[in-house]
Amino acid sequence: MANKKPASGRSINTTPQSIALIGMPGSGKSTLGVLLAKKLGWYFIDTDIGIQTAAGITLQEIIDDQGYLYLRTLEEQTLLHVPLPNNVIATGGSAVYSAAGMAHIKSLAKVVYLQVSVDELERRIDDYGQRGIARRPDQTFEDLYLEREPLYRQYADIVIDCADASTQKITANLLLALKL
């Protein structure tokens with residue numbers, strides 16, 4: 001972060017930092033994002049909700065009408081236009097497929113990968129077929145996990161293990177890891 005010293009000699013932060021949460025559907029990005037934004041007094045942005053609001057239909061309807069690749073295109077456009085200063089951003093699970101979108105996010109945000117095992121994710125998600133997950137029609141959830149997991153790690157500044165902990169404990173661990 002860039003700092004300037006005014007006449008008083010105290011540093012002023014001139015580059016506000018945001019936090020972007022990445023991870024699989026069901027990893028807790030939206031839930032933890034709201035809690036984190038409340039703790040920090042920042043705005044919360046959920047890119048999936050932004051896409052749905054702009055399109056006027058659900059993510060699943062976008063996939064059904066125009067395909068999963070079109071949803072990924074909408075996600076990239078949303079990532080490229082998300083305002084960054086002092087926001088907690090819950091990205092869609094497929095955000096990591098967009099190099100341009102992730103470069104924009106990483107330019108001003110700490111990127112946090114919420115890591116959850118595939119078994120736990122499958123327990124959490126009961127509407128896999130209707131959830132609006134950008135995936136090939138023949139792709140299993142486990143295959144999708146194995147495809148995305150290296151991308152999440154590639155873009156992450158911080159990895160938070162979300163296994164066997166309450167949302168409050170994970171939020172506390174996240175704040176500690178972010179040194180906030």
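Any read-out appearing in this document is the output of simple, stated calculations on the displayed coordinates, not a laboratory observation. Not measured: the values here are computed from a predicted model. Backbone-built Cβ (ideal geometry, glycine too); neighbour counts: all protein chains shown.
Helix-derived [θ] at 222 nm for the chain: sum -39500 (n - 2.57) over DSSP H runs of at least 4, divide by residue count, nearest 500? Intermediate values should be presented prior to the final figure.
Details: 8 runs with 87 residues, N = 180.
After summing the helix terms and dividing by residue count, I get -14500 deg cm²/dmol.
Taking the Cα atoms of segment 68-138, what is the range of coordinates along each of the three principal axes, in descending order and whole Å?
34, 25, 16
Over all distinct alpha-carbon pairs, what is the Kirkwood Rh of the chain in angstrom?
Working: mean 1/r = 0.0591 Å⁻¹.
Kirkwood radius, the chain: 16.9 Å.
Tell me, which longest segment in the chain has none of the trypsin sites (Lys or Arg not before Pro) that fall in DSSP loops with at most 11 further Cβ atoms within 10 Å? Could the numbers behind the result be given before it?
Working: sites that count: Arg10, Lys179.
With a cap of 11 other Cβ atoms within 10 Å, the longest stretch comes to 11-178.
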